[in-house]
Amino acid sequence: MRDVTAEGESVLELLPLVFADPGEARARAEQVLRAGPQPLPASVAHQVLGIWQRDFGDLRIALRHLRRARDLAARAESADREADVLATLGVALVHAGRTRQGLTSFERGVARGTGHTRARVLYRRAYVWWVLGRHREALEDVRRALPVLRQVGDDIWTARALTLRATVHLALGAVDRAVADFTAAERLWDTTGQEHDKADAVESRGLAAFRSGDIPAALRLLDEAEERYAKLGTPTYMLSIRRCEVLMAAGLAPEALAEADATIALLDRIGGQSTRKAELLLAAARAARSAGDAHTAIARAAVAVRLFAAQRRTWWETHA
């Protein structure tokens, strides 16, 4: 971001720290705000707290921080700063089930951002398309973002984009393409200190192993990823969803149902992502059906359908 001041540049280092050392990033962002900073560094600090709450905590608190970050970026008259926050806010809104508002935030972010920043906005919109089950749009935005991220040597965001593309390939049944992208991403992660992202890479390899038919390897890798997340103190909603799928394939439907229900309870307790809650309800319904519990299966699926419909996730609603 060329229009960022020296003070803002140092605070910007907190953004990659969110997925390297989440607890430290949160503490330092709170420290920045206690010092009464100017609008630009205040915007970054609120964005860091918003990301932490969005992914690991209470979405309502996340939205408050991110809206404040957006307003402060506008006050600072930094177009790229504003675009970056709009993308983060867009992801949070979609996870909160406010899909239309989230996509509108992305439209503004793409329009405001330039170059490197715009590529990161496109990556995050691709992630949202994947969450919504719109795989073609996800691949298109990744295709637009990746060359720019590579050109500027942004290994962290390039690895994220490759991981996302691999995940979409898996959803479409292209296992070989997915494995190639996961492998390339993991090589990049090995050059960084992004510990949460590294745990996600292990989880992704577990998913690829499952899609390749190796259930023991899948369970081992998911366990390893869970251990890594536990060291960081970050909840693992997607890992639970994926473990449910693997457990059912292993003939362990009651264990899958227990996993889904426990994670749903956690999400409800902390006010977490409604998108993941819907996916966990669907996983619970499938597990209950496999366990021969039709009543529970129908009840969980009915709630999942209502949530998917409210979230405008047609692909998911159809599957539920």
Filtering the stretch 284-305 for residues that are within 15 Å of Ile241 (Cβ to Cβ) and touching an Asp or Glu at 6+ places or on another chain (Cβ under 7 Å) leaves a count of 1
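Yes/no matrix, rows are residues, columns are (1) surrounded by fewer than 18 Cβ atoms within 10 Å (Cβ to Cβ); (2) closer than 29 Å to Ala138 by Cα; (3) in contact with a Ser or Thr (Cβ under 6 Å, 6 or more places away or on another chain):
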| position | (1), (2), (3) |
| --- | --- |
| Val18 | no, yes, no |
| Ala27 | yes, no, no |
| Ile61 | yes, yes, no |
| Leu86 | no, yes, yes |
| Val91 | no, yes, no |
Log entry, pairs with first residue in the stretch 188-214 being without any contact (Cβ under 8 Å) to a residue 60 or more places away in the chain, second being assigned to a helix (DSSP H, G or I) and of a type in the set (Lys, Arg), beta carbons closer than 6 Å, six or more apart or on different chains, reads Trp189/Lys198; Ala199/Arg228; Leu207/Arg242
Of the listed residues (Arg64, Arg70), the one being within 20 Å of the chain's Cα centre (by Cα), modelled with pLDDT of 95 or more, assigned to a helix (DSSP H, G or I) and under 22 Å from Arg118 (Cα atoms) is Arg70
### Message
Given the condition over 19 Å from the mean Cα position of the chain (by Cα) and open to solvent by 40 Å² or more (accessible area, probe 1.4 Å), answer yes or no: does some residue in the stretch 132-143 qualify?
### Response
no
Does any residue of the stretch 275-289 turn out to be surrounded by fewer than 17 Cβ atoms within 10 Å (Cβ to Cβ) and either hydroxyl-bearing (Ser, Thr, Tyr) or not assigned by the TED database to the domain that holds His95 (or both)? no
Filtering the stretch 63-84 for residues that are within 30 Å of Thr263 (Cα to Cα), among the aliphatic types (A, V, I, L, M) and surrounded by 24 or more Cβ atoms within 10 Å (Cβ to Cβ) leaves a count of 2
### Message
Being at pLDDT below 95 and not in a loop (DSSP other than H, G, I, E, B): is that true of Asp84 here?
### Response
no
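The values are calculated or read from the model by the stated rules, or taken from the named source; none is laboratory data. No experiment lies behind these values; they were computed from the predicted model shown. All Cβ positions, even for glycine, are placed from backbone atoms using ideal geometry, and neighbour counts span all protein chains on display. For the accessible areas, the whole protein counts, side chains as well, though only heavy atoms, and no ligand, DNA or RNA atoms are used. Shrake-Rupley method; radii C 1.70, N 1.55, O 1.52, S 1.80 Å.
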